[in-house]
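Have a look at the structure below before the remarks.
The values are calculated or read from the model by the stated rules, or taken from the named source; none is laboratory data. Here the structure is a predicted model, which is why all the values come from computation and not from measurement. Cβ: placed from backbone, ideal geometry, glycine included. Neighbour counts: every protein chain shown.
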Amino acid sequence: MDDKSLYGRLLGLSSPWAVDKVELRLEQGEVHVWVVLPSKELWVCPDCQARAPIHDHRERVWRHLDTFQYRTMLHARVPRLNCPRHGVRQLPVPWAEEGSRFTALYEALAIDWMMKQAALAAVAQRLHLTWDEAAGIQERAVRRGLARRQLEPARHLGVDETSLLIRDAVCAASARAANAFAFAGACPDSAEADIRQIRTLIDQSRRSSGQAVADGELTPADWETLDGYLSLAQASLAPGTLGEAAGFLEHACDFFP
Ligand SMILES: [Zn+2]
């Protein structure tokens, strides 16, 4: 697997987005990943689905979950579309909420830690965030929660959301396990850190499962199968048996269309 497809999997990217370039900046301890869209794609307005030509592009950058303990930054030129009815609108990106400088997976991890740890300052310090950045992430999570409650009657709007969250977490765990396995011999410390993060991702998908089943996004039988893979993976999450854990997580990830 080359670095582009590796990062494509780590970021959970799906078509038409693809990784164009990966740059390792060893001295800063950073990995920078550029993702692009095919140039001939036709777009529709995110509000009304009317055909909308590209108006211009905006350079955007997001902080993602660390990979191999490197601070990981995602770059993209995001098209702004010109809708005949709504004017200029930015194309929503699948990995982040509008206006956030963090990917959704990064925010999910931050929120998870905030729920376990009362002090925002401690979480901010651990994630190398400023207090304002951590507070911003928390605020967006609260707003999402409120928005979801307000949307309750129009339930279908959020229908795929929970199962997507589970898929992202499971597939990120799978990619991470595959890498941890590949590099376990060379870097035992990083394997330990990977194992901790894989556990967090598995916990995340478990927490969302009740909601996904209640909403009919996952059948109870599907969740049972998935949960079986996750349990098997969890049981083999140790430096010596990472290959097996990676195999079970890959089955779990492939379970999603
Ligand atoms: Zn429109």
(request) Filter the stretch 70-81 down to the residues that are over 15 Å from the mean Cα position of the chain (by Cα) and within 12 Å of W17 (Cβ to Cβ), then identify the one that is nearest to the ligand (Cβ to nearest atom). (result) P79
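When the residues of the stretch 1-31 are narrowed to those that are of a type in the set (S, T, N, Q) and either assigned to a helix (DSSP H, G or I) or more than 18 Å from the chain's Cα centre (by Cα) (or both), which ends up surrounded by the most Cβ atoms within 10 Å (Cβ to Cβ)?
Initial filter on the stretch 1-31 (of a type in the set (S, T, N, Q)): 5, 14-15, 28.
Cutting the leftovers down to either assigned to a helix (DSSP H, G or I) or more than 18 Å from the chain's Cα centre (by Cα) (or both) gives us 5, 28.
Numbers: S5: 12, Q28: 10.
Looking at the filtered set, the residue picked out is S5.
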(message) Quick test of your reading of the structure: N82 fulfils all but one of (1) under 19 Å from G136 (Cβ atoms); (2) in a strand (DSSP E or B). Name the failing condition by number.
(response) (1)
(request) List every residue pair whose Cβ atoms lie under 8 Å apart, where the two residues are 6 or more positions apart in sequence or sit on different chains, the first residue falls within the stretch 1-24 and is within 23 Å of E41 (Cα to Cα) and touching a residue at least 40 places away in the same chain (Cβ under 8 Å), and the second residue, located anywhere, is of a type outside the set (A, V, I, L, M, F, W, C) and in a loop (DSSP other than H, G, I, E, B). (result) L11/T103; L13/P94; S14/P94; W17/P94
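A quick yes/no check of all residues on (1) part of a helix (DSSP H, G or I); (2) modelled with pLDDT under 75; (3) under 25 Å from L249 (Cβ atoms); (4) within 21 Å of the chain's Cα centre (by Cα):
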residue: A135; (1), (2), (3), (4): yes, no, no, yes
residue: E139; (1), (2), (3), (4): yes, no, no, yes
residue: V142; (1), (2), (3), (4): yes, no, no, yes
residue: R149; (1), (2), (3), (4): yes, yes, no, no
residue: T200; (1), (2), (3), (4): yes, no, yes, yes
residue: G210; (1), (2), (3), (4): yes, no, yes, yes
(request) Residue by residue through the stretch 32-58, note down the ones that are part of a strand (DSSP E or B), within 16 Å of the ligand (Cβ to nearest atom) and of a type in the set (A, V, I, L, M, F, W, C). (result) V44, I54
(message) Can you pull out every residue in the stretch 82-100 that is surrounded by fewer than 13 Cβ atoms within 10 Å (Cβ to Cβ) and away from the ligand (no atom under 12 Å from the Cβ)?
(response) P92, E98, G99
